Amino acid sequence: MTATKPILLAEDNPRDAELALAAMEEQRISDKVVLCHDGAEVLDYLYCRGQFKSRLKGNPAVVFLDLKMPKVNGLEVLRTIKADTNLKPIPVVMLTSSREERDLAESYALGANAYVVKPVEFHQFLSAVKELGTFWGVINEPPPEGSRSSN
Amino acid sequence: MFDRESSSSMESPTNDQPQVPLAPAEKPTPPATGTVPARPDPFWRTPIMWFRTLTIERRILAGFSLVFTGILVISAVSYRNTSVLIANSGLDTRSHELVQLLSTIDVTMDEAENSHRRYLVTGEALYLEAYKTVVEQKPTFITYLNDLTRGMPEQQHRVDLLNQMMERQVNAEADAIAQRDEGGFEAVMKMALEGAAKQELGAIHRIIAEMESYERQALRRRVMESAASTTNTIVLLGIGALLQLVLLASVYYLIRHDITERRRVAAELKLRGELLAAANKELEAFSYSVSHDLRAPLRHIDGYASLLRKAVGESLNEKAARYLQTISDSAKQMGQLIDDLLVFSRMGRQEMLHTTVNLDQLVKAILYDLRLDLQGREISWTIDTLPEVSGDPAMLRQVFMNLITNAVKFTSTRPIAKIEIGVDRRTSAEVVICVRDNGVGFDMQYAAKLFGVFQRLHRVDEFEGTGIGLANVRRIVHRHGGRTWAEGMPDKGATFYVALPTRRPRS
């Protein structure tokens, strides 16, 4: 069930995180959001290790991934997710400031499900995050638990 | 209808500067004859000055031509000298043969005289053998002599004389023999003692001696001539070889100098290329970080301003609300500036496509895309049939998008905006497209500033914009190998020109 699955938000910048959470709050989905501050934390969460050792098992409904993060950057996280047969079905949405063509190209080449450029304008950012949260966290039906990619 | 003079004068940004009088250093120096006594140039100065004006290729060509000409001259002279030597040696052989033949004739004639005298005395037929031999051999001798003296009239003349004398000797001897046969020894006694052709034989000896001495002189002359000619040839070959060496050495020096220079330039170019590549890479990293990092704080400013407005809610007074709005607007504007700047920087680095672009369709597509923004505006469009050009469709779209939105923007104060897009002129080398409007125009003295980055001729509260659109236009058109310029008058509208080459530029 979508409603019970968490939304994983990887965002190293606390202000961006706060703004994103504020946007989610308006949609009343902020309680579903799990915030990770770098790529390593995202991987810890997905592999249930470190501080997430005792979390409830199961993949998140979606991962919102920033590109530029300390320790392990977004593209590396994406590569790891899409290379792991258990994690591969998780939808990954790149949520970044970069409009650079090579970032876009590389993200899609690695198997990103969507690529969203964070708008400077808060209203647009707000509506983007709201729509993303609603679509991926509520409307979209995530892959069933235990599903594995065929390859 | 177009003022082409002034249009072409606006092409380069340096043209807007007022004509500064020439610096003193650039003034033509007065003729030197006035102060310094004129010294006549040495005669060799002129060809050297001329040589200096030549390109390296022509210098090398000139050097090789000289060497070639030298070789030709030396060869010709050597050939001539050698031919003379060969001819002389042929003549020498002939002379030797002639001398030998003459002495044979001499001996033979002597023999004939002696043997015929013996016959006269003895009446022994055996003694007539030598005489008969002479009679038989005489025509052969004469033919041979004629052969050997061909081309030497003096000697030929002597051969004729010799022939006559020999004839006379033989005839005299024949007479004497006949008389002996008729009248016995007594009839020819005197002749037998003195010889029948004593005189003729003497003449023959003389002629032969003359001929021999003539030949010996000729031989000596030829030997001297050959020696001189050989010396000449050797000297010529020596000097020629030396000159060739000098010339070749100079040509070698020229080529070497040129190659060294070229290598140096190539190395320098390579170094500069590397520096440029490094700088470009740095720039790319910079623009990447601008794209990523600079945008985040702006988003935060706008975001927190919005959150603050929401948090304070209704209690916000009008002034405070305006401040918050200004904060948001400024952040948005800076975001726009960053975006525009990134596009501008990308336009300079991006790989260019080279395809045929139909400007007609391009402009129609732009107007279609703008249709929502144009709602509520009264614009009279005049659009010519536009040609096809070679270039990058996306970049050219950006050019015309910028020019058209500019025209729309700066005519917003007009009740009826008039915008024309047409072909200004067309040559074999380029096609000039113009976009003309009846908007607020500009003062021509600022025309060159129009295409600079962040250059604006209007205040932001008059017309919004970041001042990057025309910089982008110029950059793109330059990358296509074209030119841009503008004409305008305050309040009388503006015309922007884009000249694109008809042939694809070399990249």
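None of the figures in this text is laboratory data; all of them are computed from the coordinates on show. Since the structure is predicted, the reported quantities are computational estimates derived from the model, not experimental observations. Methodologically, a virtual Cβ is constructed for each residue, glycine included, from the backbone with ideal geometry; neighbour enumeration extends over all protein chains shown.
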Take the alpha carbon atoms of the range A:78-151, find their center, do the same for the range B:379-418, and report the distance between the two centers in whole angstrom.
-> 38
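With +1 on the Cβ of every Lys and Arg and -1 on the Cβ of every Asp and Glu, and nothing else charged, how large is the dipole of chain B about its Cα centre, in debye rounded to the nearest 20?
Working: 61 positive and 62 negative charges, 660 e Å.
In total the dipole reaches around 3160 debye.
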Rg and Dmax of chain B over Cα atoms: what are they, in angstrom?
-> 54.7, 186
Hey, how many Å between the Cα centroid of the range B:126-144 and the Cα centroid of the range B:176-193?
-> 21
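Which FRET efficiency, nearest 0.05, do A:ASP31 and A:LEU104 yield, Cβ-Cβ r, R0 30 Å?
On the way: r = 32 Å, r/R0 = 1.06.
About 0.40, to the nearest 0.05.
Quick one: if the Förster radius is 30 Å, what FRET efficiency do A:GLU76 and B:HIS478 give, using the C-beta to C-beta distance and rounding to 0.05? Each step should come with its number before you reach the end.
Numbers: r = 40 Å, r/R0 = 1.32.
Working from the Cβ atoms, E equals 0.15.
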Cα-based equivalent ellipsoid of the protein assembly as shown: semi-axis lengths in Å, sorted from largest, via gyration tensor | 118, 37, 23
Gain on full stretching of the segment that runs from B:ASP339 to B:LEU66 - 0.36 nm per residue minus C-alpha separation | 91.7 nm
Find how many whole Å separate the alpha carbon centroid of the range B:280-352 from the alpha carbon centroid of the range B:428-499.
-> 27
Describe numerically, in nm with one decimal, the distance between label points set 7 Å from Cα along Cα→Cβ at B:ARG377 and at A:CYS48.
-> 6.1
Got a sec to turn the phi values of the range B:485-497 into Karplus ³J(HN,Hα) couplings, 6.51 cos²θ - 1.76 cosθ + 1.60 with θ = phi - 60°, whole Hz, x for Gly and Pro?
-> 7, 9, 10, x, 9, x, 6, 10, x, 9, 10, 10, 10
Using packing as a proxy for protection, rank B:288-300, B:432-444 so that the peptide with the highest average count of other Cβ atoms within 10 Å comes first.
-> B:432-444, B:288-300
Quick one: helix B:295-312 against the long Cα principal axis of chain B, what's the angle to the nearest 10°, folded into 0 to 90?
-> 10
Computed helical MRE - 222 nm, the protein assembly as shown, DSSP H runs ≥ 4 contributing -39500 (n - 2.57), nearest 500 | -20000 deg cm²/dmol
Measure nothing but the geometry: give the 0 to 90° angle between the long axis through the Cα atoms of B:359-370 and the longest principal axis through the Cα atoms of chain B, rounded to 10°.
-> 20
Positive-end residue of B:TYR144, B:SER328, B:THR382, charge dipole of chain B with Cβ unit charges | B:SER328
Taking B:LYS198 as the anchor, which lysines have their alpha carbon closer than 21 Å to its alpha carbon, excluding any fewer than eight residues away along the same chain?
-> B:LYS132, B:LYS138, B:LYS190
How fast does the range B:148-267 diffuse by Stokes-Einstein, in µm²/s, taking the Kirkwood radius from C-alpha pairs at 20 °C and 1.002 mPa s?
-> 102
Which peptide among A:92-102, B:116-126 comes first, and what is the full order, when sorted by highest mean count of other Cβ atoms within 10 Å?
-> A:92-102, B:116-126
Kirkwood hydrodynamic radius (C-alpha pairs) into Stokes-Einstein, the range B:183-339, 20 °C and 1.002 mPa s, D in µm²/s | 75
Starting from the Cα of B:THR355, step 7 Å along the direction of its Cβ; do the same at B:GLU124; then give the gap between the two resulting points in nm.
-> 12.7
So how compact is the range B:318-430: Cα radius of gyration and Dmax in angstrom?
-> 18.2, 63
What length, rounded to one decimal in nm, is gained on full extension from B:ASP293 through to B:GLN100, with 0.36 nm per residue of separation minus their alpha-carbon distance?
-> 57.8 nm
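With r defined as the distance between the Cβ atoms of B:VAL223 and B:LEU271 and R0 fixed at 56 Å, what FRET efficiency is calculated, to the nearest 0.05? Present the calculation step by step, with values, prior to reporting the outcome.
Working: r = 71 Å, r/R0 = 1.26.
For R0 = 56 Å, the calculated efficiency reads 0.20.
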Per-residue HN-Hα couplings for the range B:54-67 [Karplus 6.51, -1.76, 1.60; θ = phi - 60°; Hz; x = Gly/Pro] = 6, 6, 4, 4, 5, 4, 4, 4, 4, x, 5, 4, 4, 4
Work out from phi, with θ = phi - 60° and the Karplus expression 6.51 cos²θ - 1.76 cosθ + 1.60, the ³J(HN,Hα) of each residue of the range B:446-456, listed in order in whole Hz, and give x for Gly and Pro.
-> 9, 3, 6, 6, 3, 8, x, 5, 6, 8, 10
For the range A:2-137, just the Cα set please: Rg and Dmax, both in angstrom.
-> 13.7, 39
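Residue separation times 0.36 nm, minus the C-alpha to C-alpha distance between B:LEU248 and B:MET49: what's the value?
Working: separation 199, 0.36 × 199 = 71.64 nm, distance 2.04 nm.
Result for the pair: 69.6 nm of gain on full extension.
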